[in-house]
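Undergrad: Questions regarding the structure given below will be posed in turn.
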Amino acid sequence: MKNLKIIFCTVVLIFPVIAFSQQNPVDSLISLIKKDKADTNKVIHSYILCSKLLNIGLYDSALYYGNSALQLAQQLNFKKGLSGSNGNLGNVYLFQGNYPKALDHYLKALKFAEDLGDRNSIARHLGNIGIVYQNQEDYPKALDYYFKALSGAEELKDKNAIARHLGNIGNIYKAEAIKNGGGTNKALDYYFRTLKIAKELGDKKLIGIQLANIGSIYYLRRDFPSAIEYSFKGLEIAKELKDKYLIAGLLGNIGTFYTDFGKYKEAELYFKKAIAINDSVGAFDMLRQLEQMLSELYDTTGQYQLALIHYKKAIALKDTLFSQENKKQLVRKEMNFEFEKKEAITKAIAEGENRKQKIITFSVASGLLMVMVFAGFIFRSLRVTKKQKIVIEQQKQIVEEHQKEIISSITYAKRLQEAILPPIPSIKKQFPESFILYNPKDVVAGDFYWMEIMDNIQFIAAADCTGHGVPGAMMSVVCSNALNRAVKEFGLRDTGTILDKVTDLVLETFEKSDSDVKDGMDISILAYNKGNNQIQWSGANNPLCYIQNGTMLEIKADKQPIGLCDNRKPFTTHNITYSENSLFYLLTDGYADQFGGPKGKKFMYKKFKDNLSAICNLPLNEQGKALQTEFNGWKGSLEQVDDVTILGIMI
């Protein structure tokens, strides 16, 4: 399959903070904002208006009201407003092709949504972050975010969001089909699934986009009648909605189809219409593609002067979109070479028509002049390149030195963290039948495991501190020290009382801070008294799974962390009846929360417990290997989302 250029095939379905179907007209919202006091209502009205203006292609006005909402939300410390205004500003910058700014606003919006526990907004922002990565052709990362967002939308049963995520996943599969020459069945399947839901919802904009996407798939399949049919259906809806962005994209698609099938006059007409509309929209990435394809059309039909004009416009837009210094240099070299080649051809044709008698002399003189100019350009470029190379080498050395220092520090931090973990031989000595599955997300971890023997009581725990990486590791040292003090210094033996004291010690550590430190720990702690065969267990957020007499059992944890929380209560101590050869599994949430599998969903606790039931008759060390193999297979090529810790012991 050829690497075909289609404008609308990569247009993605963004997730506005306020749905585009919002009934408030623009004029009414402006009137409300003028009357509003500087309070949360004004913030909400402003970012609703930002979304409405974005929908009709008025980007500058959308930016103005989006920034106004953000500034007032910051003054009021209004987190819902901060999430909403950042999300809408991300949408505006995404449409303008400013991906760094779009990603910055989406990540800020996601953080505020997570602080609020707003699951709808979290799923929406995850989807929009996926769009940024898709537009930069980082397809694996985009797909990762899309599946996370889809999972969240499905849990919420949000059909509108489900449809948009399905459509974006279809875009990824289409892009991969174009890039790798693969099939288009997956993309078409996702588009038709999206179209079905869009019709159920009566969402005309979403219907129009899916018709456009389906048309582009039929184009890839070389089914010209179907491609045109679906594209014109989409165009009819776009015109009804007066959606300039959608109209421009569909006109560009139709122009592409006509070009590929040799209908150049029709193609030129549709490209010009698309560019005229896009000039008022300001969607630079689409405009760049339109200018590039119109230039190629003129080049194919021998209209070299027009081809050169539109080629220059496309290159200028490309330089705007991809402004990193190394990409700029590459584009400029490519542009200079193409300009000189096309200008020489154009001059030769013009002079040939006007002064046939002087063509040889003029060509020789022009050729010599071009060689001299080109030689001067190369000489100057070589000098600049040499200087740049020296600077780059110096900067590279500085970066490498800093990198070595950072790696050295993190490696040392890893050794310090390993020092707080009980040695595996010590655990095996106390629990001969046992396994430890410990997979940090980064070099150092927020997860840790802990064991202590006091008064013939074996204490063992799996803990998950806030964060991962270096911040999580620092917290793990604080919490591990608090556990040691609770049983050694304060002589506590009851598991619930131990967690109460650990909470006090952790809070005491941070009480001198000027800001509220909300970091803490989730934990599952078990105590086995070998003298009287008494077993106790307590948990902060993390449950206990155990198997007695072949039956899988579970004890829910107290729904509060070790650390600062509202309505704190004493931790519960659960007494468990002793039964010989019982299996106990202490764990953190990293295993169950891992995304993966064929649909990119979370593993979940139910599936984890089902796996334990299936492998519980294996020796403990074999169980650990089986769980590790299952985890690796589920995760596949996706990124590990959190630290993973599971302790399995037999008593």
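Undergrad: What pairs can you find where one residue is in the range 183-194 and over 16 Å from residue 215 (Cβ atoms), the other is at pLDDT below 90, and their Cβ atoms are less than 6 Å apart, with a gap of 6+ or different chains?
TA: Close Cβ pairs (under 6 Å, with a partner that is at pLDDT below 90) amount to 186/173.
Undergrad: Can you tell me how many residues within the range 200-221 are of a type outside the set (A, V, I, L, M, F, W, C) and either farther than 21 Å from residue 245 by Cα or touching a Gly at 6+ places or on another chain (Cβ under 6 Å) (or both)?
TA: 4
Undergrad: Can you pull out every residue in the range 169-182 that is in contact (Cβ under 8 Å) with a residue 24 or more places away in the chain and in a helix (DSSP H, G or I)?
TA: 169, 170, 171, 172, 174, 175, 176, 177, 178, 179
Undergrad: Here is a check on your reading of the model: is residue 85 among the hydroxyl-bearing types (Ser, Thr, Tyr), at pLDDT 90 or above and more than 16 Å from residue 30 (Cα to Cα)?
TA: Here the answer is yes, as residue 85 does meet what is asked.
Undergrad: Please go through (1) surrounded by 15 or more Cβ atoms within 10 Å (Cβ to Cβ); (2) farther than 20 Å from residue 597 by Cα for residue 225 and return the number of the only condition it doesn't satisfy.
TA: Only one criterion is unmet by residue 225, namely (1).
Undergrad: To continue, here is another question. Please count how many residues of the range 609-625 are within 12 Å of residue 546 (Cα to Cα) and polar (S, T, N, Q).
TA: Result for the range 609-625: 1.
Undergrad: Any residue in the range 112-131 that's free of Cβ contacts under 8 Å to residues at least 24 places away in the same chain: show its pairings with residues that are part of a helix (DSSP H, G or I) and surrounded by 15 or more Cβ atoms within 10 Å (Cβ to Cβ) at Cβ separation under 8 Å, as long as the two are six or more apart or on different chains.
TA: Going by the 8 Å Cβ cut-off, the qualifying pairs are 114/122.
Undergrad: Can you tell me how many residues in the range 128-160 are within 17 Å of residue 595 (Cβ to Cβ) and of a type outside the set (Lys, Arg)?
TA: Total meeting the criteria: 20.
Undergrad: Would you mind telling me which numbered condition in (1) crowded, with 24+ Cβ neighbours inside 10 Å; (2) more than 25 Å from residue 143 (Cβ to Cβ) residue 247 fails?
TA: Here residue 247 meets the rest and fails (1).
Undergrad: Now, a different point. Can you tell me which residue within the range 250-266, out of those that are crowded, with 24+ Cβ neighbours inside 10 Å and among the small types (Gly, Ala, Ser), is nearest to the chain's Cα centre (by Cα)?
TA: 252
Undergrad: Restricted to the range 485-537, and to residues that are assigned to a strand (DSSP E or B) and over 17 Å from residue 453 (Cα atoms), which residue is modelled with the highest pLDDT?
TA: 523
Undergrad: Could you tell me whether residue 179 is out of contact with any Pro (no Cβ under 9 Å at 6 or more places or on another chain), farther than 18 Å from residue 121 by Cβ, surrounded by fewer than 22 Cβ atoms within 10 Å (Cβ to Cβ) and of a type outside the set (Val, Ile, Thr)?
TA: Against the criterion (out of contact with any Pro (no Cβ under 9 Å at 6 or more places or on another chain), farther than 18 Å from residue 121 by Cβ, surrounded by fewer than 22 Cβ atoms within 10 Å (Cβ to Cβ) and of a type outside the set (Val, Ile, Thr)), residue 179 qualifies.
Undergrad: Please go through the range 195-210 and give me each residue that is surrounded by fewer than 24 Cβ atoms within 10 Å (Cβ to Cβ), part of a helix (DSSP H, G or I) and in contact (Cβ under 8 Å) with a residue 24 or more places away in the chain, ordered by number.
TA: Keep residues of the range 195-210 that are surrounded by fewer than 24 Cβ atoms within 10 Å (Cβ to Cβ), which gives 195-197, 199-207.
Filter again for part of a helix (DSSP H, G or I), leaving 195-197, 199-201, 204-207.
Within the range 195-210, 197, 200, 201, 204, 205, 206, 207 qualify.
Undergrad: Take residue 65 and tell me if it is closer than 24 Å to residue 209 by Cβ, at pLDDT 85 or above and either in contact with a strand residue (DSSP E or B) (Cβ under 6 Å, 6 or more places away or on another chain) or buried (at least 18 other Cβ atoms within 10 Å of the Cβ) (or both).
TA: For residue 65, the condition - closer than 24 Å to residue 209 by Cβ, at pLDDT 85 or above and either in contact with a strand residue (DSSP E or B) (Cβ under 6 Å, 6 or more places away or on another chain) or buried (at least 18 other Cβ atoms within 10 Å of the Cβ) (or both) - is not met.
Undergrad: Out of the range 180-208, which residues are β-branched (Val, Ile, Thr) and either at positive phi or at pLDDT below 90 (or both)?
TA: Scanning the range 180-208 gives a single hit, 184.
Undergrad: Out of 99, 139, 146, 133, which single residue is of a type in the set (Ser, Thr, Tyr) and touching a Pro at 6+ places or on another chain (Cβ under 9 Å)?
TA: 133
Undergrad: Kindly list, by first and then second residue, each pair from a residue in the range 135-148 that is at negative phi to a residue that is at pLDDT below 90 and of a type in the set (Gly, Ala, Ser), limited to pairs with Cβ atoms under 6 Å and residues at least 6 apart or on different chains.
TA: Close Cβ pairs (under 6 Å, with a partner that is at pLDDT below 90 and of a type in the set (Gly, Ala, Ser)) amount to 147/600.
Undergrad: For the range 242-254, check the following and say yes or no: at least one residue is assigned to a helix (DSSP H, G or I) and touching a Cys at 6+ places or on another chain (Cβ under 9 Å).
TA: Yes: the range 242-254 contains one or more residues that are assigned to a helix (DSSP H, G or I) and touching a Cys at 6+ places or on another chain (Cβ under 9 Å).
Undergrad: Something else: Please specify each residue of the range 260-289 satisfying the condition of being without any contact (Cβ under 8 Å) to a residue 60 or more places away in the chain and part of a loop (DSSP other than H, G, I, E, B).
TA: Hits for the range 260-289 are 261, 262, 263.
Undergrad: Can you go through 476, 579 and tell me which one is over 14 Å from residue 461 (Cα atoms), among the small types (Gly, Ala, Ser) and in contact with a strand residue (DSSP E or B) (Cβ under 6 Å, 6 or more places away or on another chain)?
TA: Sole residue among the options that is over 14 Å from residue 461 (Cα atoms), among the small types (Gly, Ala, Ser) and in contact with a strand residue (DSSP E or B) (Cβ under 6 Å, 6 or more places away or on another chain): 579.
Undergrad: Hey, any hits in the range 109-123 for a residue that's under 15 Å from the mean Cα position of the chain (by Cα), under 19 Å from residue 283 (Cβ atoms) and not β-branched (Val, Ile, Thr)?
TA: No, the range 109-123 contains no residue that is under 15 Å from the mean Cα position of the chain (by Cα), under 19 Å from residue 283 (Cβ atoms) and not β-branched (Val, Ile, Thr).
Undergrad: Pick from 292, 305: which is crowded, with 17+ Cβ neighbours inside 10 Å, touching a residue at least 40 places away in the same chain (Cβ under 8 Å) and part of a helix (DSSP H, G or I)? Quick ask: steps written out before the conclusion?
TA: Values: 305 fails: crowded, with 17+ Cβ neighbours inside 10 Å.
From the options 292, 305, the qualifying one is 292.
Undergrad: May I ask you to list pairs of residues, at least six apart or on different chains, whose Cβ atoms are under 9 Å apart, with the first in the range 546-570 being aromatic (Phe, Trp, Tyr) and the second being assigned to a loop (DSSP other than H, G, I, E, B)?
TA: So the pair list comes out as 546/582.
Undergrad: Out of all the residues in the range 598-651, which are among the hydrophobic types (A, V, I, L, M, F, W, C), surrounded by fewer than 16 Cβ atoms within 10 Å (Cβ to Cβ) and out of contact with any helix residue (DSSP H, G or I) (no Cβ under 9 Å at 6 or more places or on another chain)?
TA: Residue satisfying the conditions is 604 alone.
Undergrad: Does residue 504 meet the test of being acidic (Asp, Glu), within 41 Å of the chain's Cα centre (by Cα) and buried (at least 24 other Cβ atoms within 10 Å of the Cβ)? Walk me through it before giving the result.
TA: Working: acidic (Asp, Glu): yes; within 41 Å of the chain's Cα centre (by Cα): yes; buried (at least 24 other Cβ atoms within 10 Å of the Cβ): no.
No.
Undergrad: Would you point out the residue of the range 557-575, among those that are more than 18 Å from residue 462 (Cα to Cα) and not acidic (Asp, Glu), that is surrounded by the fewest Cβ atoms within 10 Å (Cβ to Cβ)?
TA: Filtering the range 557-575 for residues that are more than 18 Å from residue 462 (Cα to Cα) and not acidic (Asp, Glu), the one surrounded by the fewest Cβ atoms within 10 Å (Cβ to Cβ) comes out as 567.
Undergrad: If residue 454 satisfies all but one of (1) over 25 Å from residue 620 (Cβ atoms); (2) exposed (fewer than 15 other Cβ atoms within 10 Å of the Cβ); (3) modelled with pLDDT of 85 or more, what's the number of the condition it fails?
TA: For residue 454, the exception is condition (1).
Undergrad: Next question. Go through the range 42-101 residue by residue and tally those that are aromatic (Phe, Trp, Tyr) and over 23 Å from residue 245 (Cβ atoms). Full working, then the answer.
TA: Initially, the range 42-101 is screened for residues aromatic (Phe, Trp, Tyr), giving 47, 59, 64-65, 78, 93, 95, 99.
Narrowing the set further to residues that are over 23 Å from residue 245 (Cβ atoms) leaves 78.
Here the count works out to 1.
Undergrad: Any idea how many residues of the range 471-490 are over 13 Å from residue 421 (Cβ atoms), more than 31 Å from the chain's Cα centre (by Cα) and hydrophobic (A, V, I, L, M, F, W, C)?
TA: 5
The values are calculated or read from the model by the stated rules, or taken from the named source; none is laboratory data. Owing to the predicted nature of the structure, the values given are computational and were not obtained by experimental measurement. Virtual Cβ from ideal backbone geometry, glycine too; neighbours counted across all protein chains shown.
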